[in-house]
Amino acid sequence: MNCMAKITISLIKADIGSLPGHSHTHSLILEKAAKLLKEAEGTLLIDSFVTHVGDDLQLLMTHRRGEDDRDIHELAWNTFVACAEMAKEMKLYGAGQDLLSDAFSCNVKGMGPGVAEIEFEERKSDPLLAFMADKTEPGAWNFFLYKMFADPFNTPGLVIDPQMHDGFIFEVHDVKMKRKIRFRTPEETYSLLAYIGAPSRYVVKYVWRKDGLIAASTSTQRLSLIAGRYVGKDDPVMLVRAQSGLPAVGEVIEPFATPVIVAGWMRGSHHGPLMPVGLMDAKCTRFDGPPRVICMGFQINEGKLLGPTDMFDDPAYDRVRDKVNDLADYLRAHGPFEPHRLSLDEMEYTTLPDVEKQLKGRWENIPETW
Ligand code: 13P
Ligand code: 13P
Ligand code: MG
Ligand code: MG
(Lines give C-alpha, C1' and ligand atoms only; values in the text may rest on other atoms or scores of the structure.)
(Ligands and ions follow the chains in the order given, each with its own letter.)
Protein backbone atom coordinates (compact mmCIF):
# COMPACT_ATOMS: atom_id res chain seq x y z
CA MET A 1 0.00 0.00 0.00
CA ASN A 2 1.31 3.46 -0.87
CA CYS A 3 1.42 6.66 1.19
CA MET A 4 -1.78 6.97 3.26
CA ALA A 5 -2.21 10.63 2.45
CA LYS A 6 -2.67 10.01 -1.23
CA ILE A 7 -5.91 9.18 -2.92
CA THR A 8 -6.17 6.73 -5.82
CA ILE A 9 -8.89 6.79 -8.45
CA SER A 10 -9.30 3.47 -10.29
CA LEU A 11 -11.51 3.29 -13.36
CA ILE A 12 -11.78 -0.32 -14.49
CA LYS A 13 -14.12 -1.49 -17.26
CA ALA A 14 -15.19 -4.58 -19.12
CA ASP A 15 -17.84 -5.66 -21.59
CA ILE A 16 -19.50 -8.56 -19.79
CA GLY A 17 -22.57 -8.74 -22.03
CA SER A 18 -25.27 -6.41 -23.28
CA LEU A 19 -28.63 -6.00 -25.00
CA PRO A 20 -29.51 -6.11 -27.75
CA GLY A 21 -26.24 -7.15 -29.38
CA HIS A 22 -23.41 -4.78 -28.45
CA SER A 23 -25.56 -1.73 -27.70
CA HIS A 24 -26.37 -1.22 -24.00
CA THR A 25 -25.53 -2.66 -20.58
CA HIS A 26 -28.62 -4.08 -18.78
CA SER A 27 -29.93 -2.02 -15.84
CA LEU A 28 -29.95 -5.09 -13.53
CA ILE A 29 -26.24 -5.60 -14.27
CA LEU A 30 -25.54 -1.97 -13.36
CA GLU A 31 -27.48 -2.43 -10.11
CA LYS A 32 -25.61 -5.61 -9.26
CA ALA A 33 -22.19 -4.00 -9.86
CA ALA A 34 -23.15 -0.90 -7.85
CA LYS A 35 -24.27 -3.12 -4.93
CA LEU A 36 -21.06 -5.17 -4.94
CA LEU A 37 -18.89 -2.05 -4.85
CA LYS A 38 -21.06 -0.39 -2.16
CA GLU A 39 -20.41 -3.43 0.04
CA ALA A 40 -16.68 -2.70 -0.18
CA GLU A 41 -17.04 0.94 0.88
CA GLY A 42 -15.61 1.59 4.33
CA THR A 43 -13.18 -1.32 3.98
CA LEU A 44 -11.38 -1.46 0.62
CA LEU A 45 -13.04 1.54 -0.97
CA ILE A 46 -13.82 5.10 0.08
CA ASP A 47 -16.41 5.66 -2.64
CA SER A 48 -17.63 4.17 -5.91
CA PHE A 49 -19.72 5.00 -8.95
CA VAL A 50 -20.99 2.52 -11.53
CA THR A 51 -22.09 3.47 -15.01
CA HIS A 52 -21.83 2.31 -18.62
CA VAL A 53 -21.14 3.56 -22.10
CA GLY A 54 -22.72 1.38 -24.74
CA ASP A 55 -22.01 -2.24 -23.78
CA ASP A 56 -19.13 -1.45 -21.41
CA LEU A 57 -19.62 -1.71 -17.64
CA GLN A 58 -17.63 0.97 -15.83
CA LEU A 59 -16.42 0.74 -12.23
CA LEU A 60 -15.09 4.01 -10.79
CA MET A 61 -13.54 3.49 -7.34
CA THR A 62 -11.66 5.68 -4.87
CA HIS A 63 -9.28 4.32 -2.22
CA ARG A 64 -5.87 4.87 -0.59
CA ARG A 65 -4.11 1.72 -1.79
CA GLY A 66 -2.22 3.06 -4.84
CA GLU A 67 -2.24 1.92 -8.47
CA ASP A 68 -2.16 -1.79 -9.37
CA ASP A 69 -3.40 -2.82 -5.91
CA ARG A 70 -4.16 -6.53 -5.89
CA ASP A 71 -7.26 -6.28 -3.68
CA ILE A 72 -8.81 -3.46 -5.71
CA HIS A 73 -8.19 -5.31 -8.97
CA GLU A 74 -9.59 -8.51 -7.48
CA LEU A 75 -12.72 -6.64 -6.34
CA ALA A 76 -13.19 -5.34 -9.90
CA TRP A 77 -12.55 -8.79 -11.38
CA ASN A 78 -14.98 -10.52 -9.00
CA THR A 79 -17.60 -7.86 -9.77
CA PHE A 80 -17.18 -8.48 -13.51
CA VAL A 81 -17.34 -12.27 -13.02
CA ALA A 82 -20.54 -11.99 -10.94
CA CYS A 83 -22.09 -9.68 -13.54
CA ALA A 84 -20.98 -11.97 -16.39
CA GLU A 85 -22.67 -14.93 -14.67
CA MET A 86 -25.85 -12.90 -14.43
CA ALA A 87 -25.47 -11.90 -18.10
CA LYS A 88 -25.11 -15.60 -19.04
CA GLU A 89 -28.28 -16.51 -17.14
CA MET A 90 -30.09 -13.65 -18.90
CA LYS A 91 -28.61 -14.79 -22.25
CA LEU A 92 -27.35 -11.26 -22.88
CA TYR A 93 -25.20 -10.89 -25.95
CA GLY A 94 -21.46 -11.49 -25.59
CA ALA A 95 -21.79 -12.53 -21.93
CA GLY A 96 -18.31 -12.54 -20.40
CA GLN A 97 -16.86 -11.10 -23.65
CA ASP A 98 -13.90 -9.23 -22.15
CA LEU A 99 -12.98 -11.72 -19.39
CA LEU A 100 -10.18 -13.51 -21.17
CA SER A 101 -8.93 -15.54 -18.23
CA ASP A 102 -10.53 -18.20 -15.99
CA ALA A 103 -8.96 -17.12 -12.73
CA PHE A 104 -7.70 -13.89 -11.21
CA SER A 105 -3.96 -13.46 -10.67
CA CYS A 106 -2.60 -10.29 -9.02
CA ASN A 107 -3.83 -7.70 -11.51
CA VAL A 108 -6.63 -7.39 -14.08
CA LYS A 109 -4.20 -5.96 -16.64
CA GLY A 110 -3.68 -8.51 -19.39
CA MET A 111 -6.88 -10.34 -18.42
CA GLY A 112 -9.26 -8.34 -20.62
CA PRO A 113 -10.60 -5.39 -18.59
CA GLY A 114 -9.36 -1.84 -19.35
CA VAL A 115 -7.72 0.08 -16.50
CA ALA A 116 -6.95 3.77 -15.92
CA GLU A 117 -5.65 4.72 -12.47
CA ILE A 118 -4.33 7.93 -11.00
CA GLU A 119 -2.81 8.56 -7.56
CA PHE A 120 -2.37 12.04 -6.10
CA GLU A 121 -2.43 14.22 -3.03
CA GLU A 122 -5.79 15.95 -2.94
CA ARG A 123 -5.47 19.66 -3.62
CA LYS A 124 -7.58 22.35 -1.96
CA SER A 125 -10.17 21.56 -4.59
CA ASP A 126 -9.75 18.74 -7.12
CA PRO A 127 -11.97 18.49 -10.22
CA LEU A 128 -11.78 15.09 -11.96
CA LEU A 129 -13.15 14.18 -15.37
CA ALA A 130 -13.78 10.52 -16.19
CA PHE A 131 -14.04 9.78 -19.92
CA MET A 132 -15.39 6.48 -21.19
CA ALA A 133 -15.78 5.47 -24.84
CA ASP A 134 -17.40 2.61 -26.74
CA LYS A 135 -16.61 1.25 -30.23
CA THR A 136 -13.10 2.63 -30.34
CA GLU A 137 -9.54 1.95 -29.13
CA PRO A 138 -7.18 3.40 -26.49
CA GLY A 139 -5.22 5.51 -29.01
CA ALA A 140 -8.43 7.46 -29.65
CA TRP A 141 -7.51 9.65 -26.64
CA ASN A 142 -4.21 10.76 -28.26
CA PHE A 143 -5.72 13.61 -30.27
CA PHE A 144 -7.72 14.90 -27.31
CA LEU A 145 -4.83 14.71 -24.80
CA TYR A 146 -2.57 16.54 -27.22
CA LYS A 147 -5.15 19.32 -27.63
CA MET A 148 -5.74 19.62 -23.85
CA PHE A 149 -2.12 19.64 -22.71
CA ALA A 150 -0.06 20.82 -25.69
CA ASP A 151 -2.16 23.00 -28.01
CA PRO A 152 -2.44 26.67 -26.97
CA PHE A 153 -5.21 27.19 -29.53
CA ASN A 154 -7.30 24.79 -27.43
CA THR A 155 -5.88 25.60 -24.00
CA PRO A 156 -5.05 29.28 -23.53
CA GLY A 157 -3.92 28.36 -20.00
CA LEU A 158 -0.67 27.10 -21.60
CA VAL A 159 0.00 30.71 -22.60
CA ILE A 160 -1.51 32.75 -19.77
CA ASP A 161 -1.28 30.58 -16.62
CA PRO A 162 2.27 30.76 -15.20
CA GLN A 163 1.78 27.35 -13.53
CA MET A 164 1.23 25.66 -16.91
CA HIS A 165 3.56 27.77 -18.97
CA ASP A 166 6.50 25.30 -18.79
CA GLY A 167 4.38 22.60 -20.44
CA PHE A 168 3.76 18.90 -19.84
CA ILE A 169 5.35 15.45 -20.15
CA PHE A 170 3.61 12.72 -22.18
CA GLU A 171 4.36 9.03 -21.64
CA VAL A 172 3.71 7.10 -24.86
CA HIS A 173 3.33 3.30 -24.99
CA ASP A 174 4.11 1.28 -28.09
CA VAL A 175 1.43 -1.38 -27.60
CA LYS A 176 2.87 -3.67 -30.29
CA MET A 177 6.53 -3.67 -29.16
CA LYS A 178 5.66 -3.25 -25.44
CA ARG A 179 8.05 -0.32 -24.87
CA LYS A 180 7.55 3.23 -23.64
CA ILE A 181 9.05 6.70 -24.08
CA ARG A 182 8.48 10.17 -22.58
CA PHE A 183 8.28 13.45 -24.50
CA ARG A 184 8.42 16.97 -23.09
CA THR A 185 6.19 19.63 -24.62
CA PRO A 186 6.36 22.20 -26.11
CA GLU A 187 10.01 21.48 -27.00
CA GLU A 188 9.47 17.92 -28.30
CA THR A 189 6.02 18.47 -29.81
CA TYR A 190 6.98 17.30 -33.30
CA SER A 191 8.61 14.11 -31.99
CA LEU A 192 5.52 13.40 -29.87
CA LEU A 193 3.24 13.87 -32.86
CA ALA A 194 5.44 11.62 -35.02
CA TYR A 195 4.25 8.74 -32.84
CA ILE A 196 0.84 9.57 -31.42
CA GLY A 197 -0.50 10.43 -34.88
CA ALA A 198 -0.54 6.62 -35.33
CA PRO A 199 -3.04 5.77 -32.57
CA SER A 200 -3.46 2.06 -33.33
CA ARG A 201 0.11 1.47 -32.13
CA TYR A 202 1.22 4.44 -30.01
CA VAL A 203 -0.96 5.38 -27.06
CA VAL A 204 -0.55 8.18 -24.53
CA LYS A 205 -0.61 6.48 -21.10
CA TYR A 206 0.11 9.36 -18.67
CA VAL A 207 0.47 13.13 -18.74
CA TRP A 208 2.32 15.05 -15.99
CA ARG A 209 3.00 18.72 -15.47
CA LYS A 210 6.77 19.33 -15.71
CA ASP A 211 7.01 19.60 -11.89
CA GLY A 212 5.70 16.03 -11.60
CA LEU A 213 2.01 16.72 -10.87
CA ILE A 214 -0.01 13.88 -12.42
CA ALA A 215 -2.65 15.22 -14.82
CA ALA A 216 -4.04 12.32 -16.87
CA SER A 217 -4.07 8.53 -17.10
CA THR A 218 -5.59 6.22 -19.74
CA SER A 219 -6.27 2.54 -20.36
CA THR A 220 -3.90 1.07 -22.95
CA GLN A 221 -5.05 -2.57 -23.00
CA ARG A 222 -5.46 -3.96 -26.53
CA LEU A 223 -7.66 -7.06 -26.30
CA SER A 224 -6.68 -8.50 -29.66
CA LEU A 225 -2.97 -8.23 -28.79
CA ILE A 226 -3.66 -10.05 -25.50
CA ALA A 227 -5.86 -12.75 -26.99
CA GLY A 228 -4.16 -12.89 -30.43
CA ARG A 229 -7.56 -12.90 -32.10
CA TYR A 230 -10.68 -10.75 -32.51
CA VAL A 231 -12.50 -10.29 -29.20
CA GLY A 232 -14.30 -6.96 -29.64
CA LYS A 233 -12.67 -3.54 -29.50
CA ASP A 234 -10.71 -2.22 -26.53
CA ASP A 235 -13.22 0.50 -25.68
CA PRO A 236 -11.02 2.81 -23.58
CA VAL A 237 -11.27 4.99 -20.46
CA MET A 238 -9.35 8.07 -19.31
CA LEU A 239 -9.04 10.13 -16.12
CA VAL A 240 -8.11 13.82 -16.32
CA ARG A 241 -7.59 16.29 -13.46
CA ALA A 242 -8.37 19.96 -14.04
CA GLN A 243 -7.92 23.57 -12.81
CA SER A 244 -5.42 25.34 -10.56
CA GLY A 245 -2.36 24.92 -12.76
CA LEU A 246 -3.92 22.28 -15.01
CA PRO A 247 -6.25 22.91 -17.96
CA ALA A 248 -9.65 24.30 -16.86
CA VAL A 249 -12.58 21.86 -17.08
CA GLY A 250 -13.74 23.70 -20.20
CA GLU A 251 -10.29 23.36 -21.78
CA VAL A 252 -10.31 19.61 -21.06
CA ILE A 253 -13.64 19.01 -22.80
CA GLU A 254 -13.21 21.56 -25.62
CA PRO A 255 -11.32 19.16 -27.98
CA PHE A 256 -14.42 16.95 -28.14
CA ALA A 257 -16.15 19.69 -30.16
CA THR A 258 -14.16 18.33 -33.14
CA PRO A 259 -15.64 15.18 -34.77
CA VAL A 260 -12.45 13.09 -34.79
CA ILE A 261 -12.39 9.90 -36.86
CA VAL A 262 -11.46 6.86 -34.76
CA ALA A 263 -11.10 3.11 -35.31
CA GLY A 264 -13.52 0.58 -33.80
CA TRP A 265 -16.97 0.97 -35.34
CA MET A 266 -18.96 -2.12 -36.51
CA ARG A 267 -17.17 -5.42 -35.73
CA GLY A 268 -14.19 -3.39 -34.50
CA SER A 269 -13.31 -3.11 -38.18
CA HIS A 270 -14.35 0.36 -39.31
CA HIS A 271 -13.42 3.99 -38.86
CA GLY A 272 -16.12 6.34 -37.66
CA PRO A 273 -16.53 9.77 -36.06
CA LEU A 274 -16.47 9.90 -32.24
CA MET A 275 -19.71 11.38 -30.86
CA PRO A 276 -19.73 13.03 -27.41
CA VAL A 277 -23.04 12.18 -25.71
CA GLY A 278 -24.85 12.44 -22.40
CA LEU A 279 -25.57 9.29 -20.41
CA MET A 280 -29.09 9.09 -21.85
CA ASP A 281 -27.55 8.61 -25.31
CA ALA A 282 -24.71 6.34 -24.19
CA LYS A 283 -25.97 3.47 -26.32
CA CYS A 284 -24.64 2.29 -29.65
CA THR A 285 -27.33 2.04 -32.32
CA ARG A 286 -26.61 3.01 -35.93
CA PHE A 287 -24.23 0.44 -37.49
CA ASP A 288 -23.43 -0.47 -33.83
CA GLY A 289 -22.37 3.11 -33.16
CA PRO A 290 -21.31 5.65 -34.06
CA PRO A 291 -18.40 5.43 -31.58
CA ARG A 292 -19.45 7.33 -28.46
CA VAL A 293 -17.79 9.05 -25.53
CA ILE A 294 -19.26 10.22 -22.23
CA CYS A 295 -17.64 12.45 -19.63
CA MET A 296 -18.62 12.35 -15.96
CA GLY A 297 -17.36 15.34 -13.96
CA PHE A 298 -16.63 15.06 -10.22
CA GLN A 299 -15.12 17.05 -7.37
CA ILE A 300 -13.04 14.86 -5.06
CA ASN A 301 -13.53 15.53 -1.35
CA GLU A 302 -11.41 13.35 0.97
CA GLY A 303 -11.78 10.57 -1.55
CA LYS A 304 -15.55 11.01 -1.92
CA LEU A 305 -16.87 11.48 -5.44
CA LEU A 306 -19.13 14.55 -5.51
CA GLY A 307 -21.22 14.44 -8.67
CA PRO A 308 -21.33 13.45 -11.40
CA THR A 309 -22.15 16.23 -13.80
CA ASP A 310 -22.95 14.70 -17.20
CA MET A 311 -20.63 16.99 -19.20
CA PHE A 312 -21.71 16.22 -22.79
CA ASP A 313 -25.44 16.30 -21.96
CA ASP A 314 -25.49 19.84 -23.27
CA PRO A 315 -26.73 21.72 -26.37
CA ALA A 316 -23.20 23.16 -26.66
CA TYR A 317 -22.27 19.75 -28.11
CA ASP A 318 -25.24 19.56 -30.53
CA ARG A 319 -23.21 20.98 -33.41
CA VAL A 320 -20.46 18.37 -33.15
CA ARG A 321 -23.12 15.66 -32.94
CA ASP A 322 -24.66 17.01 -36.18
CA LYS A 323 -21.24 16.94 -37.85
CA VAL A 324 -20.68 13.39 -36.59
CA ASN A 325 -23.95 12.34 -38.22
CA ASP A 326 -22.89 13.95 -41.53
CA LEU A 327 -19.52 12.23 -41.38
CA ALA A 328 -21.18 8.94 -40.47
CA ASP A 329 -23.34 9.18 -43.63
CA TYR A 330 -20.26 9.92 -45.72
CA LEU A 331 -18.14 7.10 -44.32
CA ARG A 332 -21.04 4.61 -44.44
CA ALA A 333 -21.40 5.35 -48.16
CA HIS A 334 -17.98 3.67 -48.63
CA GLY A 335 -19.52 0.34 -47.58
CA PRO A 336 -16.80 -2.32 -47.34
CA PHE A 337 -14.09 -0.04 -48.79
CA GLU A 338 -11.17 1.61 -47.01
CA PRO A 339 -10.80 4.11 -45.40
CA HIS A 340 -14.18 3.28 -43.79
CA ARG A 341 -12.90 -0.26 -43.31
CA LEU A 342 -9.62 -0.42 -41.34
CA SER A 343 -6.32 -0.96 -43.16
CA LEU A 344 -5.23 -4.56 -43.81
CA ASP A 345 -2.72 -4.77 -40.95
CA GLU A 346 -5.46 -3.76 -38.49
CA MET A 347 -7.87 -6.24 -40.10
CA GLU A 348 -5.44 -9.00 -39.10
CA TYR A 349 -7.16 -9.02 -35.71
CA THR A 350 -10.68 -9.36 -37.08
CA THR A 351 -12.52 -12.29 -38.64
CA LEU A 352 -11.28 -11.37 -42.16
CA PRO A 353 -8.26 -13.77 -42.05
CA ASP A 354 -10.76 -16.68 -41.68
CA VAL A 355 -12.40 -15.65 -44.94
CA GLU A 356 -8.98 -15.43 -46.59
CA LYS A 357 -8.17 -18.95 -45.38
CA GLN A 358 -11.22 -20.27 -47.22
CA LEU A 359 -10.02 -18.63 -50.47
CA LYS A 360 -6.34 -19.53 -50.11
CA GLY A 361 -6.39 -22.45 -52.56
CA ARG A 362 -8.01 -20.39 -55.32
CA TRP A 363 -5.04 -18.04 -55.87
CA GLU A 364 -2.75 -18.75 -58.87
CA ASN A 365 0.75 -17.33 -59.39
CA ILE A 366 1.16 -14.62 -62.05
CA PRO A 367 4.21 -15.42 -64.28
CA GLU A 368 7.13 -13.03 -63.66
CA THR A 369 7.17 -12.12 -67.35
CA TRP A 370 3.58 -10.88 -67.20
P1 13P B 1 -7.89 28.21 -12.21
O2 13P B 1 -6.56 28.86 -12.45
O3 13P B 1 -8.35 28.31 -10.79
O4 13P B 1 -7.91 26.81 -12.72
O5 13P B 1 -9.00 29.04 -13.03
C6 13P B 1 -8.97 29.20 -14.40
C7 13P B 1 -10.35 29.11 -14.93
O8 13P B 1 -11.22 28.49 -14.34
C9 13P B 1 -10.62 29.74 -16.22
O10 13P B 1 -11.81 29.26 -16.79
P1 13P C 1 -17.76 -4.15 -28.58
O2 13P C 1 -16.24 -4.18 -28.70
O3 13P C 1 -18.23 -2.86 -27.98
O4 13P C 1 -18.26 -5.35 -27.85
O5 13P C 1 -18.34 -4.16 -30.05
C6 13P C 1 -18.12 -5.25 -30.85
C7 13P C 1 -18.80 -5.19 -32.18
O8 13P C 1 -18.64 -6.11 -32.95
C9 13P C 1 -19.62 -4.06 -32.56
O10 13P C 1 -20.11 -4.15 -33.87
MG1 MG D 1 -19.76 -6.07 -26.84
MG1 MG E 1 -17.95 -2.02 -26.09
With +1 on the Cβ of every Lys and Arg and -1 on the Cβ of every Asp and Glu, the dipole magnitude of the chain about its Cα centre, in debye rounded to the nearest 20, is 420 debye
Among T62, F80, H52 the positive-end extreme of the charge dipole of the stretch 29-85 (Cβ point charges): T62
Three principal axis extents, largest first, for the C-alpha atoms of the stretch 181-259, in Å? 43, 26, 25
Between L30 and I181, what length in nm is gained on full extension when 0.36 nm per residue of separation is reduced by their alpha carbon distance? 50.6 nm
Can you give me the relative contact order of the stretch 176-268 as a percent, contacts being Cα pairs under 8 Å and 6 or more apart? 18 percent
Solvent-accessible surface ranking, highest first, for H73, H22 at 1.4 angstrom: H22, H73
Using the 2.2 N^0.38 Å rule of thumb for compact globular proteins, work out how the chain stacks up: its C-alpha Rg over that value, please. 0.99
Between the residues I300, S244, F337, the Cα farthest towards the positive end of the dipole of the chain, that dipole coming from +1 and -1 charges on the beta-carbon of Lys, Arg, Asp and Glu, is from F337
Among the listed pairs K32/K233; K38/K176; K32/K180, which have their C-alpha atoms separated by more than 32 angstrom in this model? K38/K176; K32/K180
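Is there a quick way to get the dipole size of the stretch 304-370? I mean about its Cα centre, with the Cβ of Lys and Arg at +1 and of Asp and Glu at -1; what is the value in debye to the nearest 20?
On the way: 9 positive and 15 negative charges, 28 e Å.
So the magnitude is around 140 debye.
At 1.4 Å probe size, with every protein chain present, just tell me what the per residue accessible area of the chain comes to in Å².
With all protein chains present, the chain gives 45 Å² per residue.
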Can you give me the span-like helices of the chain, meaning DSSP H runs with 20 Å or more of Cα extent along the axis and Kyte-Doolittle mean at or above -0.5? 70-89
Hey, what did the chain get for relative contact order, percent, Cα under 8 Å, at least 6 apart? 18 percent
Go through the stretch 130-138 residue by residue and turn each phi into a ³J(HN,Hα) via Karplus (6.51, -1.76, 1.60, θ = phi - 60°); whole Hz please, and just put x for glycine and proline. 10, 9, 9, 10, 10, 6, 8, 10, x
Using only helices, what value at 222 nm comes out for the chain when you add -39,500 (n - 2.57) per DSSP H run of length 4 or more and divide by the total residues, to the nearest 500 deg cm²/dmol? -7000 deg cm²/dmol
For S219, S125, write out the residues from largest to smallest accessible area, computed with a 1.4 angstrom probe and no ligands counted. S125, S219
Can you tell me the mean projection area, over all orientations, of the convex hull of the stretch 227-306's alpha carbons? Units nm², please. 7.4 nm²
HN-Hα J in Hz across the stretch 100-107 - Karplus 6.51, -1.76, 1.60, θ = phi - 60°, x for Gly and Pro: 8, 10, 7, 9, 6, 9, 6, 7
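Leaving ligands, DNA and RNA out of it, report the carbon-plus-sulfur percent of the accessible area of the stretch 12-152 at a 1.4 Å probe.
Working: 2490 of 4830 Å².
The C+S portion of the solvent-accessible surface of the stretch 12-152 is 52 percent.
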Tell me, what is the percent relative contact order of the stretch 259-370, built from C-alpha pairs under 8 Å that lie six or more residues apart? 25 percent
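The values are calculated or read from the model by the stated rules, or taken from the named source; none is laboratory data. Note that the structure is predicted; figures quoted are calculated from it, not measured. Because the Cβ atoms are built from the backbone with ideal geometry, glycine has one as well, and the counts that use them run over all protein chains shown. All accessible areas refer to the heavy atoms of the entire protein, side chains included, with ligands and DNA or RNA removed. Shrake-Rupley method; radii C 1.70, N 1.55, O 1.52, S 1.80 Å.
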